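One structure is given below, encoded as structure tokens.
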Amino acid sequence: MVTSLRSFDELAAARWSCRGYEPEPVPQEILEAIATTAQRAPSWCNTQPWHTEIVSGAELDRLRKALAEDGRWGSDFAFPERYEGVYRDRRREVAWQLYDAVGVERGDRAASGAQTMLNFEFFGAPHAAFITVPTALGVYALADAGAYVQTFLLAVESHGLGAIAQAALAQKADFLREWFDWDEDRSLVCAISFGRPDRGHPANSFRSHRVPVAEAVRFHG
Ligand SMILES: Cc1cc2nc3c(=O)[nH]c(=O)nc-3n(C[C@H](O)[C@H](O)[C@H](O)COP(=O)(O)O)c2cc1C
């Protein structure tokens, strides 16, 4: 059995969104251990509404190539129309952390666009997971998928690997539905790219911030 012995606090603090990978694949038994741990995520009424496709190796290369050639765009779940106030500020801050790290100058739309397009190459990761839920289960299936995604990300971290959740891939819902032959009644939530982090990659050189607990939590009683 594959086990890991890092504390939960350590895992949660160490995890970050990895945007540069070594090409070597992760052994199948670790892929299965990650999927097994993620499967322990809680869900409303234990519906376990997620379904995951994990794509690796030559098959992921084939998918990368086909994605680049597909011109369709559109997500199953609506993306936010705009971010305002603190949400806009936080979004900008992390975007600039990334752009500064990879050397994208302010106002260089071509360079920031090219960085965004790396999402569709899975940032060079050897593995990608695609998570769908039944559309009819609505917003709580999305909450369940969120729990699943975080459990998956922490399971990856527990094996000393890196991962990133990617809503960007949700914009290729029609293409991916065809590719994986999903039923019409399932919706794509996001992808997760993962593998061995390229720790020297500039995109992996920064860590995002969090607002203080006092701003996010009110304690009563
Ligand atoms: C549901 C979800 C979707 C995300 N989609 C993307 C994405 O498409 N591209 C990307 O570069 N980062 C994406 N991220 C990563 C966030 O930008 C990142 O989690 C956030 O900035 C906090 O940084 P950290 O994960 O390094 O702590 C996503 C994260 C989540 C949870």
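Every number here is computed from the coordinates shown, using simple stated rules; none is lab data. Computed from a predicted model, the values in this text were never measured in an experiment. Cβ atoms come from the backbone with ideal geometry, glycine included; neighbour counts cover every protein chain shown.
So here's what we get for this one:
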item: Single match in Arg196, Arg106 (criterion: of a type in the set (D, E, K, R), within 17 Å of the chain's Cα centre (by Cα) and more than 12 Å from the ligand (Cβ to nearest atom)); result: Arg196
item: Residue among Phe152, Phe206 that alone is closer than 18 Å to Ala13 by Cα and in a loop (DSSP other than H, G, I, E, B); result: Phe206
item: Residue match in the range 113-123 (condition: more than 10 Å from the ligand (Cβ to nearest atom), under 17 Å from the mean Cα position of the chain (by Cα), at positive phi and not charged (D, E, K, R)); result: yes
item: Candidates Ala128, Ala168, filtered to the one that is part of a strand (DSSP E or B), closer than 27 Å to Tyr99 by Cβ and touching a residue at least 12 places away in the same chain (Cβ under 8 Å); result: Ala128
item: Hits in the range 171-182 (condition: touching a residue at least 40 places away in the same chain (Cβ under 8 Å) and of a type outside the set (Gly, Ala, Ser)); result: Gln171, Lys172, Asp174, Phe175, Leu176, Trp179, Phe180, Trp182
item: So Ala38, is it surrounded by fewer than 15 Cβ atoms within 10 Å (Cβ to Cβ) and under 18 Å from the mean Cα position of the chain (by Cα); result: no
item: Qualifying residues in the range 140-177 (those that are hydroxyl-bearing (Ser, Thr, Tyr) and surrounded by 20 or more Cβ atoms within 10 Å (Cβ to Cβ)) - the one farthest from the ligand (Cβ to nearest atom); result: Ser158
item: Every pair of residues 6+ apart whose Cβ atoms lie under 9 Å, when the first sits in the range 65-85 and is at positive phi while the second is surrounded by 12 or more Cβ atoms within 10 Å (Cβ to Cβ) and not acidic (Asp, Glu); result: Gly74/Gln171; Gly74/Lys172; Gly74/Ala173
item: Boolean, Asp181 is of a type outside the set (A, V, I, L, M, F, W, C), within 19 Å of Trp73 (Cα to Cα) and out of contact with any helix residue (DSSP H, G or I) (no Cβ under 8 Å at 6 or more places or on another chain); result: yes
item: Every pair of residues 6+ apart whose Cβ atoms lie under 6 Å, when the first sits in the range 189-209 and is touching a residue at least 40 places away in the same chain (Cβ under 8 Å) while the second is among the polar types (S, T, N, Q) and part of a strand (DSSP E or B); result: Cys190/Gln166; Ala191/Gln166
item: Flag for Asp185 being more than 16 Å from the ligand (Cβ to nearest atom), in contact (Cβ under 8 Å) with a residue 12 or more places away in the chain and over 23 Å from Glu22 (Cβ atoms); result: yes
item: Flag if Ser158 is farther than 17 Å from His201 by Cβ and in contact with a Ser or Thr (Cβ under 6 Å, 6 or more places away or on another chain); result: yes
item: Selection count, the range 1-58, where residues are aliphatic (A, V, I, L, M), touching a Ser or Thr at 6+ places or on another chain (Cβ under 7 Å) and outside any helix (DSSP H, G or I); result: 1
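Residue by residue, here is whether (1) of a type in the set (A, V, I, L, M, F, W, C); (2) within 14 Å of the ligand (Cβ to nearest atom); (3) surrounded by 12 or more Cβ atoms within 10 Å (Cβ to Cβ) holds:
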residue	(1), (2), (3)
Cys18	yes, yes, yes
Ala33	yes, no, yes
Pro42	no, no, no
His51	no, no, yes
Glu59	no, no, no
Asp70	no, no, yes
Tyr87	no, yes, no
Trp96	yes, yes, yes
